[in-house]
Amino acid sequence: MLVAGIDIGSATGKAVIMTDDEIVGSAIVQSQGHPVKTADSVVDKAMAEAGLSSVGEIENVVTTGYGRLKIEFASDNLSEIACHGKGAHWLEPSLRTVIDIGGQDCKVISISEAGKVVEFAMNDRCAAGTGRFFESIARALCCGLEGISSIENQGDSPAKITHQCTVFAESEVVTLVNEGEELGNIIAGINLSVAKRVSGMARRVGLVDNVALTGGCSKNQGLAAALAKVLRTDIQMLSGDPQLAGAIGAAVFAGEKLLARAS
Amino acid sequence: MGTALEDSEIYQKFARITDSLLSPEIEDFKDSGGKVVGFFCSTVPEELFTAAGMLPFRMRGTGSTSTELADTCFTPINCTFPRHCFNQALEYEFEFLDALIVINSCDHIRRIYDNWIDQLDEPEMIHVMSLPRKTGDRQVDWYREEIAELKGKLEEHFGIEITDDAISDAIKLHNDVRRLQRELYELRKVDRPPITGAEVLRVMVAGTALPKADYREMLQELIGTVRGLEGNGDHKARVLVTGSQLDDPEFIELIEGQGALVVTDATCFGTRLMWRRIDEDEPDPIRAMAQYYVHDRPSCPRMHGDQPRRLDFLKELVEEFKVDGVIGERMNFCDIWQVEHFMTGGDLKEEGISFTQVDREYILAGKGQLQTRVQAFVETMKGTD
């Protein structure tokens, strides 16, 4: 049973190909201006890894993410919320809360033992506290995303960042830089401010252990550390790539749907 | 989720009126000497304007695409409804109004009055009403005085007399419209409703921009058409939308596009306008209006201490319309609805009724995120199959 999940997000496209509940190919590419282009390119890459030559060999495809409605070779589309819940659960069945922080959204998803979404909270339009936010701050600090993420770069006394708005926070950071604040403290302050924003959503949903971080921002170790502190809980490290969680979830759904159709 | 209704001439007429501010119908009414009274909020006693032979026009910001002009005198954390609406005023889109009635339904709306008298010369008659915050008998007495004052102002300004008989007749006419609107809602109780939520909203909004007698005739024809239609069954869940100034059918279309058919509502262009009736047997018709607007009609969260009654109303609708889940609509920065949804959402979940809150701006924006939210809500209710 060969299935695929495609997650066309705002910043990157992800694809996962599975055979009988095992990942045989996966890929992540930058978004290419059009969901179909992004999907074609990421699927090609994942197929190459899986040793496939034609999309036709894949028996069922489910899409998710912002571009989910535009991919014609998919049989179904599901929300990122359902797919991240499912994918994170597939990676680590003991999870009950998934914090997904992507390019322009962040979500706190509460899942059942079976990996089904019980409750969720999601930011509104504003991209504060998401990948876009980190990108603009990294630009202002000239330290790159790696600079913000690296655990060694987290200062001991996080600078106070009062604004949630990306634009305002960036100018606040510029002020701090020019006041001579240490880079490490600014970086720690930025990660702490995002962690606090997420903690509000977690409160709305009701945080239940175990907790994991998915989405592109799961690669930010400084953020994971700040979240653990603010939420007073451990953030589980997933065995696979947490940025792929949405695509994995979509692939698992594709498999389930194929089985349901067959029976 | 297109339906057969979309192509019918009568529905097209409603849609045309809802999708604009000044319609040919209003122009005709004015050409024959009629006066148009604009008013904010569903708590203004529009029967009074009908009794005076005028056209009650409920204020909206339809057609607005930006708030640059209004933002010179509002703040960025004011609700986007008054900002878009006032922006339209500054673009001279409301020149057809002969009078404007503002009410303190919330502080954001109240600011329209301040800004309007400061920055615009027309209409000549701008009146502000004071709506009580509670729903008891003393508040009804207070609102009766407010309505009587408004009546006096209209009589004086336009040199007319509004008799009790005329008011009683207007109440009967408006009640009859309410009866017909409920009849239309009744048709949505079946498993395969012949009309979508977005279509119903177009029919409801048009009713706030037409002479009521003309609207009644159109509504009768529409109900006849809807009765003859086959229902649509391609939805995954039946939802109720509760919230505020929701006059944008495209917002409902977005929800319905995710498989959530809106089968009923508790909003200011929906059941809050018409689910109850004004008492026609009360000898003082002005008091009858006060009693209706302060207490009898489905309550709005701006009324203090009335949340249990609002919750009961929602539960009544959920049961009658076989609703799977409730979507709480809220415009950004609205404190009134934020607290209401927080309380009521929790209460509904305790009763086993699914609830989610969807924040929006007055004009549809951020579609992608809204779609994700609604789709995920449908998935949590109905699964991912």
- Task: Counting helices only, and only those DSSP H runs with n ≥ 4, report the 222 nm mean residue ellipticity of the protein assembly as shown as the sum of -39,500 (n - 2.57) divided by its residues, in deg cm²/dmol to the nearest 500.
- Result: -14500 deg cm²/dmol
- Ranked B:Cys300, A:Cys165, criterion: other C-beta atoms within 10 Å, fewest first: A:Cys165, B:Cys300
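Treat the count of other C-beta atoms within 10 Å as a stand-in for reagent exposure and order A:Met122, B:Met125 from fewest to most.
Values: A:Met122 22, B:Met125 17.
Lowest count first: B:Met125, A:Met122.
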- Item | Cross-link pairs beyond the 24 Å C-alpha cut-off, checked among A:Lys14/B:Lys349; A:Lys45/B:Lys367; B:Lys35/B:Lys212; A:Lys116/B:Lys349 | A:Lys14/B:Lys349; A:Lys45/B:Lys367
- Message: Quick check for you: which residues of the stretch B:152-195 have the amide N under 13 Å from the point 7 Å beyond the Cα of B:Asp141 toward its beta carbon?
- Response: none
- Among A:Ser149, A:Ser75, A:Ser53, residue whose mean-square fluctuation peaks in a GNM of chain A (springs only between Cα atoms under 10 Å): A:Ser53
- Item | All lysines inside 23 Å of A:Lys196 as judged from Cα atoms, apart from same-chain residues fewer than 8 positions distant | A:Lys107, A:Lys160, A:Lys219, A:Lys229
- Item | Separation between Cα centres of the stretch B:282-360 and the stretch B:27-93, rounded to whole Å | 24 Å
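Taking 41 Å as R0, compute the FRET efficiency from the Cβ-Cβ separation of B:Asp71 and A:Asp44 and round it to 0.05.
Details: r = 47 Å, r/R0 = 1.15.
So the FRET efficiency works out to roughly 0.30.
Shape call for chain B from the C-alpha gyration tensor, a ≥ b ≥ c root eigenvalues: rounded (a/c under 1.5), prolate (a/b greater than b/c) or oblate? Please list the in-between numbers first.
Numbers: a/c = 1.43, a/b = 1.37, b/c = 1.04.
Rounded.
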- Item | Eligible aspartates and glutamates near A:Lys70 by straight Cα distance, threshold 12 Å, same-chain separation 8 or greater | A:Asp7, A:Asp40
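Values quoted throughout were computed directly from the atomic coordinates according to the rules given, and no laboratory measurement underlies them. Every value quoted in this text rests on a predicted model; they were computed, and no experiment measured them. So basically every Cβ, Gly included, is an ideal-geometry build from the backbone, and we count neighbours across all protein chains shown.
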